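The values are calculated or read from the model by the stated rules, or taken from the named source; none is laboratory data. Note that the coordinates shown come from a computational prediction; the quantities given were computed from them, not determined experimentally. Note that each Cβ is placed from the backbone with ideal geometry, even for glycine, and that neighbours are counted across all protein chains shown.
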Amino acid sequence: MGAVTADDAPTTAQHGSGPPTGAAPLRYRCTGCGNLTRFDVVSMRRTKAFHHYSVGGELTVEDVEVLEDRAEEVRCRWCGHGDAIEVLEAQPAPAQTSQPAAG
């Protein structure tokens with residue numbers, strides 16, 4: 001897979017405070033240096049939120065719903081490549097195994 005661009009980047013909410021319920025977060029890999037852990041990501045986010053102003057004018061933002069979150073640019077923090085980034089396929093979460101109670 002080539003560079004991540006605005007045209008082929010995912011359009012679901014998968015950045016910021018975490019993925020939407022049921023979605024796995026995106027993982028990136030730099031094919032230039034092999035980096036799997038450090039990336040600068042520029043994204044465009046569209047949200048819907050309830051803005052509640054107190055009588056004194058203080059704003060509280062509640063019920064934030066991410067309508068769209070699109071990665072526009074992903075750049076490797078180690079080597080600086082922006083054209084050698086690939087999106088890795090989602091890995092299933094490891095299954096939780098319950099340990100029998102000692103007794």
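Looking at THR60, THR97, can you tell me which residue is at pLDDT 95 or above and among the polar types (S, T, N, Q)?
Details: THR97 fails: at pLDDT 95 or above.
Testing whether each residue is at pLDDT 95 or above and among the polar types (S, T, N, Q) leaves just THR60.
Would you point out the residue of segment 52-71, among those that are closer than 29 Å to VAL42 by Cα and among the acidic types (Asp, Glu), that is surrounded by the most Cβ atoms within 10 Å (Cβ to Cβ)? Show your work before the answer.
Let us first name the residues in segment 52-71 that are closer than 29 Å to VAL42 by Cα, namely 52, 59-71.
This time we only want the ones that are among the acidic types (Asp, Glu), so: 62-63, 65, 68-69.
Working: GLU62: 8, ASP63: 9, GLU65: 11, GLU68: 13, ASP69: 20.
Result: ASP69.
Give me a count of the residues in segment 30-64 that are in contact with a Lys or Arg (Cβ under 8 Å, 6 or more places away or on another chain), polar (S, T, N, Q) and touching a residue at least 40 places away in the same chain (Cβ under 8 Å).
Residues in segment 30-64 being in contact with a Lys or Arg (Cβ under 8 Å, 6 or more places away or on another chain), polar (S, T, N, Q) and touching a residue at least 40 places away in the same chain (Cβ under 8 Å): 1 in total.
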